[in-house]
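S.K.: First the structure, then my questions, so here it is.
Read-outs throughout are calculated quantities, based only on the coordinates presented, and are distinct from any laboratory measurement. Remember, predicted model here, so these are calculated numbers, not experimental data. Backbone-built Cβ (ideal geometry, glycine too); neighbour counts: all protein chains shown.
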Amino acid sequence: MLRVGLTGGLGSGKSTVAHMLHELGAEVIESDELGRALMEPGQEAFTAIVRAFGQEVLMPDGRLNRARLAEMAFKGGRVKELNAIIHPAVIEAQRRWMEQVFARDPAAVAVVVSALIFEVERDARESGEANGVFTELRKRIDRVVLVIAPDDAKIARYVDRTIPAGTNRDNAEADARSRLAHQIPDSEKAPRADYLLENTGDIDALRTQVRELWPRLKQESNLNVNPRSLK
Ligand code: ADP
């Protein structure tokens, strides 16, 4: 088994890498997806968010208005407060998912995709969080794969992905910059990653790097299936 955290700033290309790894045989889950599921009515995180941010984050059908919530969090300086609700729930859901994956296949490479692997750890430490699972990411992740790209490329890719052609890009660009500003810069993350993918060329250049990465992850996973047998 190998627990891999695949991270990178918004627009860096991590979902693209995740897709490539999945095609090669990795089990993959997106933290955003887990987070969305945990914010459905009835879930603990949903209740905590409504308690903290009020009824105005709800849509008429009683579900969360995620755009409104993101706006309130980013513009109101309440990102950390929101993260303190969502991150622990997402990490617990990741742990449960990995358990299921490894029960099915002890040699699996389980990849968790998250923009905020390092930020979760930083925020937990800054808020005095005592639980080591949050403050020491190595307790929950064996290998960190970081996708890096210049900020301008990240923003352009993010905007291309989210805004229909011909529509005004200014708001999306400002939104992307504000989100990136809350993320730790690549230069600080890179020394802490185990594998670095430099997404500065085209998709094929990225795919070449992923194809080199995959057998290494797989090999590490195979070595990790039953460590006691090595004695
Ligand atoms: P992230 O998951 O990190 O936010 P994505 O993988 O979704 O980033 O990539 C953002 C957008 O940029 C996607 O539309 C993707 O197809 C595109 N993209 C990623 N890498 C490249 C690249 N090397 N060249 C051109 N487009 C890219």
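S.K.: Per 0.36 nm of contour for each residue apart, how much would the distance between Q219 and D61 grow if the chain were fully extended, relative to their Cα-Cα spacing?
M.R.: 52.1 nm
S.K.: Moving on. Can you pull the one-decimal nm distance between simple spin-label points at F74 and H182, each 7 Å off the Cα toward Cβ?
M.R.: 0.8
S.K.: On a straight-distance basis, which lysines could pair with K75 in a cross-link, Cα separation under 24 angstrom, same-chain partners fewer than 8 positions away excluded?
M.R.: In chain and number order, the partners are K154.
S.K.: With an 8 Å Cα cut-off and a minimum separation of 6 or more residues, compute the relative contact order for the chain in percent.
M.R.: That works out to 35 percent.
S.K.: Shifting gears a bit: How many angstrom lie between the Cα centre of segment 80-124 and the Cα centre of segment 20-40?
M.R.: 10
S.K.: Over segment 2-222, what is the percentage of antiparallel beta bridges among all DSSP beta bridges, to the nearest 5?
M.R.: Taking every DSSP beta bridge with both residues in segment 2-222, the antiparallel ones total about 5 percent.
S.K.: I've got another one for you. Roughly what % of Cα-Cα distances in the chain sit above 25 Å, to the whole percent?
M.R.: Taking all Cα-Cα pairs of the chain, the fraction more than 25 Å apart is 45 percent.
S.K.: If I take every Cα pair under 8 Å that is 6 or more residues apart in segment 71-184, average their sequence separation and divide by the length, what percent do I get for the relative contact order?
M.R.: 21
S.K.: Sticking with this structure for a sec: Helix-only mean residue ellipticity at 222 nm, the chain, DSSP H runs n ≥ 4 weighted -39,500 (n - 2.57), per residue, nearest 500. What is it?
M.R.: -17000 deg cm²/dmol
S.K.: Alpha carbons only, please: Rg and Dmax for segment 1-104, in angstrom.
M.R.: Gyration radius and largest Cα-Cα distance of segment 1-104: 15.6, 44 Å.
S.K.: Over segment 122-165, what portion of Cα pair distances is larger than 14 Å, expressed as a whole percent?
M.R.: Within segment 122-165, distances greater than 14 Å cover 67 percent of Cα pairs.
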